[in-house]
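J.: This is the structure, below, for whatever I ask next.
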Amino acid sequence: QVQLVQSGGGLVQAGGSLRLSCAASGSIFSINAMGWYRQAPGKQRELVAAITSGRVTNYADSVKGRFTISRDNAKNTVYLQMNSLKPEDTAVYYCNADIKRSPLHSGYNYWGQGTQVTVSS
């Protein structure tokens, strides 16, 4: 079994900061890409940021320069530092990881439980 457990999030005023964490646990051989997605009410889930095992990063245009994704491979954890938050960042944030459970496993996408981020104006 593999689990992704998220922490962080909450309510913050516009211009403030929050940090999200997501720790993977269980039967893990290796973790490839990890990322953060978000889904606002009435909208589709969208990619916010992603990071490869080699720490190459990719960001949505809407968060570039404000959000930073990082990972600690020793802890199987990915982080999302969110600065200069805007009301339009309000959404449920989900972490995602492509995890191999054995050397012969092709990898599978796992999701965290989701955490609410609310930015007030």
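J.: For the range 1-86, which whole percent of the accessible surface, found with a 1.4 angstrom probe, sits on carbon and sulfur atoms?
T.: Details: 2140 of 4580 Å².
After summing per-atom areas, the C and S share lands at 47 percent.
J.: Could you report the chain's accessible area per residue, 1.4 Å probe, as an integer in Å²? Intermediate values should be presented prior to the final figure.
T.: Working: 6400 Å² over 121 residues.
Accessible area per residue, the chain: 53 Å².
J.: Right, something else. Rounded, prolate or oblate: which fits the range 46-103 when a ≥ b ≥ c are the square roots of the eigenvalues of the alpha-carbon gyration tensor, with rounded for a/c under 1.5 and prolate only if a/b beats b/c?
T.: Values: a/c = 2.29, a/b = 1.97, b/c = 1.16.
The shape class here is prolate.
J.: Viscosity 1.002 mPa s, temperature 20 °C: what is the translational diffusion coefficient of the chain from Stokes-Einstein with a Kirkwood Rh over Cα pairs, rounded to a whole number of µm²/s? If you can, show how the numbers build up before the last one.
T.: Details: Rh = 14.5 Å.
In µm²/s, the coefficient rounds to 148.
J.: Can you return the lysines within cross-link range of Lys100? Criterion is Cα-Cα under 22 Å, with same-chain partners fewer than 8 residues away left out.
T.: Straight-line reach from Lys100, under 22 Å: Lys75.
J.: Hey, another quick one. When only DSSP loop residues count, what chymotrypsin sites (Phe, Trp or Tyr not before Pro) in the range 20-121 have their Cβ near at most 14 other Cβ atoms within 10 Å? Walk me through the numbers before you get to the answer.
T.: Values: sites: Phe29, Trp36, Tyr37, Tyr59, Phe67, Tyr79, Tyr93, Tyr94, Tyr108, Tyr110, Trp111; in loops: Phe29.
When the chymotrypsin sites (Phe, Trp or Tyr not before Pro) of the range 20-121 are filtered for loop state and at most 14 Cβ neighbours within 10 Å, Phe29 remain.
The values are calculated or read from the model by the stated rules, or taken from the named source; none is laboratory data. Just so it is clear, the structure is predicted and the values come from calculations on it, not from any experiment. A quick note on method: Cβ atoms are made from the backbone with ideal geometry, for glycine too, and the neighbour counts reach across all protein chains shown. When the accessible area is computed, the model is the full protein with side chains, heavy atoms only, and any ligands, DNA or RNA have been set aside. Shrake-Rupley method; radii C 1.70, N 1.55, O 1.52, S 1.80 Å.
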